[in-house]
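Just so you know, all these numbers are worked out from the coordinates, no wet-lab data involved. Computed from a predicted model, the values in this text were never measured in an experiment. Don't worry about glycine lacking a Cβ; one is built from the backbone with ideal geometry, like all the others, and counts go over all protein chains shown.
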Amino acid sequence: MEEKSTYAQDIQRIQQIVELLGQKDCDIDNMLKLVNEATALIAKCQNKLISTGVQINEALAKLNAMKES
């Protein structure tokens, strides 16, 4: 079973990958794996940000509705 990582852990891993890609001794086969991993993590983080934004907006809408009633 795959472990769930947090947003912060995913961002940290992306930063590690960027550092690895910047090294002179990063071979082409490993580079492709790292780029694919980073791309998947970036998409996951983007989805998390969108989801969180939607949840915040829903919570604020509920709060505003309670104020108005």
Taking only Cα atoms, what is the 0 to 90° angle, nearest 10, from helix 7-21's long axis to the longest principal axis of the chain? 20 degrees
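Please work out the FRET efficiency for the pair Leu21 and Leu60, using the Cβ-Cβ distance as r and a Förster radius of 30 Å; give the result to the nearest 0.05.
Working: r = 39 Å, r/R0 = 1.30.
Working from the Cβ atoms, E equals 0.15.
Sorting check: for 16-22, 61-67, which peptide has the highest mean count of neighbouring beta carbons within 10 Å, and how do the rest follow? Before the final figure, lay out the partial values.
Working: 16-22: 12.6, 61-67: 9.1.
Ranked from most to least packed, the peptides come out as 16-22, 61-67.
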Which distance in nm do the two modelled labels at Ser5 and Ala43 give, with both placed 7 Å along the Cα-to-Cβ direction? 1.5 nm
Tilt of helix 28-68 relative to the longest C-alpha principal axis of the chain, in degrees (0 to 90, nearest 10)? 10 degrees
Lysine-lysine proximity count for the chain, Cα under 17 Å, sequence distance 8 or more or distinct chains: 4
Label assignment, Cα extents along the principal axes in Å derived from the structure, set (1) 64, 28, 14; (2) 67, 17, 12; (3) 35, 25, 20: (1)
